[in-house]
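Notes for the one structure printed next.
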Amino acid sequence: MGRFLVQRLVHLVWVLLAVSILVFLLIHLSGDPIRLLTPLDAKPEDVERVRRLYGLDKPIPAQYWDFLRRALRGDLGESFRYQRPALELVLQRLPTTALLAVVTVGLTVAVGIPVGVWAGSRVGSAADWLVSVATFLFISLPSFWLGVLLILLFADRLRWLPASGFESPAHLVLPCVTLAVYTTGLLTRLVRVDVLEVLSQDFIRTARAKGLAERAVLSRHALRNAMISAVTVLGLQLGNLLGGSVVVEAVFAWPGVGWLMLQGIQTRDLPLVRAVVLVVGTAFVLINLAVDLLYLYLDPRIRYDHGS
Amino acid sequence: MAARWAPAPSPGRRRPPQFYAGAAILGLMTVVALLAPWLAPHGYADQDLLRSLQPPAWLPGGDWAYPLGTDRLGRDLCSRLMVGARVSIAVALLSVLLGGGLGTMLGLAAGYFGGRVDRTISRLIDVQLSFPPVFVAIAIMAALGQSLPKLIVVLALVTWVQYARVARANTLSVREREFVAAARALGAAERRILSRHVLPSILPPLLVVGAVNMSNVILAEAALSFLGLGVQPPVPAWGSMVSDGRTVQSLAWWNTVFPGMAIAVLVIGANLLGDGLQRAR
């Protein structure tokens with residue numbers, strides 16, 4: 001356990017270092033960053049002054065070191081557009097995106113696990129076939145298109161639900177459903193296969209032989225095993241939801257970090273974009289760590305001490 | 001040439017129907033994409049403002065000259081979809097090939113040579129697997145600026161780890177097999193062992209990864225072009241067509257519905273192919 005934790009922490013440091021390098025390079029990928037900081041008609045000596053002011057006259061490694069030192073103190077620069085610390089802006093929006101992600105994961109679990117167990121325990125039936133086809137479609141639809149279709153149907157035509165914004169619980173419905181369709185498809189398929197595999201094993205035959213009710217077989221044995229793959233998928237997807245919901249936030253004008261990043265991209269506000277990437281990247285890494293720790297709890301057979 | 005080192009097919013093994021269905025969908029769409037300039041009833045950028053937002057042919061007011069209707073500028077949707085297929089398919093194939101090639105080479109090197117090479121590459125794989133790929137692609141495309149080659153390279157760079165991981169794991173086990181030892185005993189050069197003996201035996205699982213990844217790449221490309229970070233206008237990409245269509249969606253649903261449907265069908269094709277390859281193993 002101790003060694004595992006140390007390994008994970010070393011990994012964490014490497015990943016965060018990689019995140020910081022990526023974030024640092026973003027501003028250089030776009031060409032000479034000085035062009036973003038000065039008007040086109042600025043006098044050359046003014047341009048040079050700004051270059052020195054921002055430390056852009058130093059060699060790249062030295063600039064990275066400056067960036068890293070400031071980032072560690074929580075200083076990611078000021079947003080060009082809002083004239084406020086970029087990190088503060090992102091952290092303000094983080095709960096909004098997290099809300100979307102958490103509700104989506106809740107919805108995914110509430111539908112995906114029961115349906116997956118149900119289909120997996122009657123493989124070959126018409127119901128199982130239907131679930132397989134439906135979930136196959138779920139993982140094949142582009143999320144932004146699904147979102148647009150849902151708006152077209154439920155907001156424009158039927159006028160049941162709001163299309164965009166963030167004022168009431170009703171505003172959560174369409175974006176969460178849009179995001180949950182893919183994750184539910186993924187989870188249901190995985191749980192189904194898990195249950196299918198577990199049900200063919202010896203300990204299940206024993207459980208049945210000793211007269212355990214089918215319900216109890218499913219809930220006590222099959223479900224517990226299915227949980228492990230569920231945690232894997234959800235851990236990965238929660239991270240993806242924190243960042244990958246950029247598209248869905250764009251469709252529904254959801255004021256989270258993804259939307260903030262898009263605004264940053266459109267206004268060439270690179271400090272803001274950098275801050276979003278750094279925060280989302282860090283959140284993703286921490287979630288992965290939490291998932292690894294959760295495995296230990298769910299499956300006592302997993303011991304990270306031996307081998308690696 | 002290929003027949004000499006390809007793993008012998010097990011006699012009588014048939015691929016599942018999913019494989020053929022997926023291959024048929026992808027094949028058909030590729031043919032349409034290749035022949036788009038000849039098949040398309042109109043030029044993809046031909047505007048006719050008098051015919052803007054014309055409905056699909058089977059609806060009242062429709063015209064068979066514009067089978068799927070027209071967009072805001074009176075451009076023929078059907079022609080634009082056909083040309084858009086070229087973007088989606090080219091990006092999917094090329095970034096899968098590029099990412100797959102890069103990932104396979106690095107995974108092969110890590111698994112075969114072991115030691116420091118393996119430690120370095122494995123660390124790189126581990127680190128990159130801790131990043132959400134689509135999110136990173138969005139950030140990089142935003143900073144780099146947009147073009148077709150950049151799009152392909154960025155999508156390859158965020159997906160190579162998938163192949164590298166599988167290539168490394170399979171190389172580790174193949175490396176210990178007798179035929180590799182035999183080749184080495186006969187004095188074959190490392191290069192030859194890698195390309196003639198190890199690579200062919202690790203290819204089948206990599207094909208599965210490639211097919212599964214292709215659907216992810218198609219979805220990623222569509223999402224990027226929806227956000228305006230993919231191929232730039234006037235070249236039509238399906239994702240940007242959906243985004244264009246949104247401005248007129250209450251007047252002309254066909255502008256958003258058909259391009260998205262095209263993406264979904266292509267992704268379904270890739271997923272079926274991947275499913276089929278997986279079951280055949």
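The values are calculated or read from the model by the stated rules, or taken from the named source; none is laboratory data. Note that the coordinates shown come from a computational prediction; the quantities given were computed from them, not determined experimentally. Every residue, glycine among them, receives a Cβ derived from its backbone with ideal geometry; neighbour counts consider all protein chains shown.
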Exercise. Any chance the range B:209-222 includes a residue that's assigned to a helix (DSSP H, G or I) and farther than 16 Å from B:Val91 by Cα?
Worked result: yes
Exercise. For the range A:95-122, how many residues meet the condition of being within 14 Å of another protein chain (Cβ to nearest Cβ) and more than 18 Å from A:Gln237 (Cα to Cα)?
Worked result: 0
Problem set entry | Residues of the range A:59-76 satisfying the condition of being surrounded by 16 or more Cβ atoms within 10 Å (Cβ to Cβ), assigned to a helix (DSSP H, G or I) and not hydroxyl-bearing (Ser, Thr, Tyr) | A:Gln63, A:Phe67, A:Ala71
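Quick check on B:Leu53: is it in contact with a Lys or Arg (Cβ under 8 Å, 6 or more places away or on another chain) and crowded, with 16+ Cβ neighbours inside 10 Å?
Numbers: in contact with a Lys or Arg (Cβ under 8 Å, 6 or more places away or on another chain): yes; crowded, with 16+ Cβ neighbours inside 10 Å: yes.
Here the answer is yes, as B:Leu53 does meet what is asked.
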Seminar exercise, completed: In the range B:144-156, anything surrounded by fewer than 20 Cβ atoms within 10 Å (Cβ to Cβ) and either of a type in the set (A, V, I, L, M, F, W, C) or farther than 24 Å from A:Asp269 by Cβ (or both) is listed as B:Leu144, B:Leu148, B:Pro149, B:Val153
Exercise. (1) modelled with pLDDT under 90; (2) surrounded by 20 or more Cβ atoms within 10 Å (Cβ to Cβ): which one isn't true of B:Pro205, the others all being true?
Worked result: (2)
Exercise. Name the residues in the range B:126-170 that are of a type in the set (Gly, Ala, Ser), without any contact (Cβ under 8 Å) to a residue 24 or more places away in the chain and either in a helix (DSSP H, G or I) or farther than 22 Å from A:Leu17 by Cα (or both), would you?
Worked result: B:Ala139, B:Ala143, B:Gly145
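Which members of the range A:16-47 meet the condition of being of a type in the set (A, V, I, L, M, F, W, C) and at pLDDT 80 or above? Quick ask: steps written out before the conclusion?
Filtering the range A:16-47 for residues of a type in the set (A, V, I, L, M, F, W, C) gives A:16-19, A:21-27, A:29, A:34, A:36-37, A:40, A:42, A:47.
Matches in the range A:16-47: A:Leu16, A:Leu17, A:Ala18, A:Val19, A:Ile21, A:Leu22, A:Val23, A:Phe24, A:Leu25, A:Leu26.
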Problem set entry | Count of the range B:223-254 residues which are of a type in the set (Ser, Thr, Tyr) and in a loop (DSSP other than H, G, I, E, B) | 2
For this session: Looking only at the range B:171-193, decide whether some residue is surrounded by 15 or more Cβ atoms within 10 Å (Cβ to Cβ), within 14 Å of chain A (Cβ to nearest Cβ) and part of a helix (DSSP H, G or I).
Result: yes
Exercise. Closer than 17 Å to A:Ala230 by Cβ and without any contact (Cβ under 8 Å) to a residue 40 or more places away in the chain - does that describe any residue in the range A:182-200?
Worked result: yes
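Among the listed residues B:Arg119, B:Arg72, which satisfies the condition of being within 14 Å of chain A (Cβ to nearest Cβ) and surrounded by fewer than 24 Cβ atoms within 10 Å (Cβ to Cβ)? Let's see the steps before the verdict.
Numbers: B:Arg72 fails: within 14 Å of chain A (Cβ to nearest Cβ).
So the residue among B:Arg119, B:Arg72 that is within 14 Å of chain A (Cβ to nearest Cβ) and surrounded by fewer than 24 Cβ atoms within 10 Å (Cβ to Cβ) is B:Arg119.
Got at least one residue in the range B:76-96 being in contact with a His (Cβ under 6 Å, 6 or more places away or on another chain) and acidic (Asp, Glu)?
Residues of the range B:76-96 in contact with a His (Cβ under 6 Å, 6 or more places away or on another chain): B:76, B:79.
From the residues that got through so far, the ones that are acidic (Asp, Glu) too are B:76.
Checked against the condition, which is being in contact with a His (Cβ under 6 Å, 6 or more places away or on another chain) and acidic (Asp, Glu), the range B:76-96 yields at least one hit.
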For this session: Just give me the residues in the range A:251-264 being surrounded by 22 or more Cβ atoms within 10 Å (Cβ to Cβ) and of a type outside the set (Phe, Trp, Tyr), in sequence order.
Result: A:Val251, A:Gly256, A:Val257, A:Gly258, A:Leu260, A:Met261, A:Gly264
Problem set entry | Criterion (within 10 Å of chain B (Cβ to nearest Cβ) and either closer than 27 Å to A:Leu294 by Cα or at pLDDT 85 or above (or both)) met by exactly one of A:Phe284, A:Phe252 | A:Phe284
For this session: Of all residues in the range B:259-273, count the ones that are farther than 18 Å from B:Gly230 by Cβ and surrounded by fewer than 23 Cβ atoms within 10 Å (Cβ to Cβ).
Result: 3
For this session: Starting from the range A:2-30, keep only residues that are more than 8 Å from chain B (Cβ to nearest Cβ) and assigned to a helix (DSSP H, G or I), then list their pairs with residues that are surrounded by fewer than 17 Cβ atoms within 10 Å (Cβ to Cβ) and modelled with pLDDT under 80 whose Cβ atoms are within a distance under 7 Å, requiring at least 6 positions of separation or different chains.
Result: A:Arg3/A:Asp305; A:Phe4/A:Asp305; A:Gln7/A:Ser308
Exercise. Of the numbered conditions (1) more than 8 Å from every other protein chain (Cβ to nearest Cβ); (2) of a type in the set (Val, Ile, Thr); (3) under 22 Å from B:Pro16 (Cα atoms), B:Val267 satisfies every one except a single condition; which is it?
Worked result: (1)
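Which of the residues spanning the range A:95-153 are of a type in the set (Gly, Ala, Ser) and in contact (Cβ under 8 Å) with a residue 60 or more places away in the chain?
Applying the first criterion (of a type in the set (Gly, Ala, Ser)) to the range A:95-153 yields A:98, A:101, A:106, A:110, A:112, A:116, A:119-121, A:124-127, A:132, A:134, A:140, A:143, A:147.
Once the filter is applied, which keeps residues that are of a type in the set (Gly, Ala, Ser) and in contact (Cβ under 8 Å) with a residue 60 or more places away in the chain, the range A:95-153 yields A:Ala98, A:Ala101, A:Gly112, A:Gly116, A:Ala119, A:Gly120, A:Ser121, A:Ser132, A:Ser143, A:Gly147.
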For this session: Using the structure shown, decide if B:Val257 is within 14 Å of chain A (Cβ to nearest Cβ) and either assigned to a helix (DSSP H, G or I) or not polar (S, T, N, Q) (or both).
Result: yes
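Looking at the range A:77-86, can you tell me whether even one residue there is aliphatic (A, V, I, L, M), without any contact (Cβ under 8 Å) to a residue 12 or more places away in the chain and either in contact with a Pro (Cβ under 9 Å, 6 or more places away or on another chain) or part of a helix (DSSP H, G or I) (or both)? Spell out how you get there, then give the answer.
Looking only at the range A:77-86, we keep the residues that are aliphatic (A, V, I, L, M), and these are A:86.
If we keep only those that are without any contact (Cβ under 8 Å) to a residue 12 or more places away in the chain too, we end up with none.
Looking for residues that are aliphatic (A, V, I, L, M), without any contact (Cβ under 8 Å) to a residue 12 or more places away in the chain and either in contact with a Pro (Cβ under 9 Å, 6 or more places away or on another chain) or part of a helix (DSSP H, G or I) (or both), one finds none in the range A:77-86, hence no.
Quick check on my filter: what residues within the range B:229-249 are within 9 Å of chain A (Cβ to nearest Cβ) and without any contact (Cβ under 8 Å) to a residue 60 or more places away in the chain? Give the steps one after another, and end with the answer.
So the first thing to find is which residues in the range B:229-249 are within 9 Å of chain A (Cβ to nearest Cβ), and the list is B:229, B:238-239, B:242-243, B:245-246, B:249.
The answer is B:Gly239, B:Val242, B:Ser243, B:Arg246, B:Gln249.
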Exercise. Would you call B:Met214 under 22 Å from A:Ala250 (Cα atoms) and within 14 Å of another protein chain (Cβ to nearest Cβ)?
Worked result: no
Problem set entry | Tally, over the range B:48-85, of residues that are of a type in the set (Gly, Ala, Ser) and closer than 16 Å to B:Pro236 by Cα | 5
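Looking at B:Leu106, B:Leu77, can you tell me which residue is aliphatic (A, V, I, L, M) and surrounded by fewer than 24 Cβ atoms within 10 Å (Cβ to Cβ)?
Details: B:Leu77 fails: surrounded by fewer than 24 Cβ atoms within 10 Å (Cβ to Cβ).
Of the residues listed, the single one that is aliphatic (A, V, I, L, M) and surrounded by fewer than 24 Cβ atoms within 10 Å (Cβ to Cβ) is B:Leu106.
When you check A:Ser79 against the structure, is it surrounded by 15 or more Cβ atoms within 10 Å (Cβ to Cβ), away from chain B (no Cβ under 12 Å) and over 16 Å from the mean Cα position of the chain (by Cα), yes or no? Walk me through it before giving the result.
On the way: surrounded by 15 or more Cβ atoms within 10 Å (Cβ to Cβ): yes; away from chain B (no Cβ under 12 Å): yes; over 16 Å from the mean Cα position of the chain (by Cα): yes.
Criteria met by A:Ser79.
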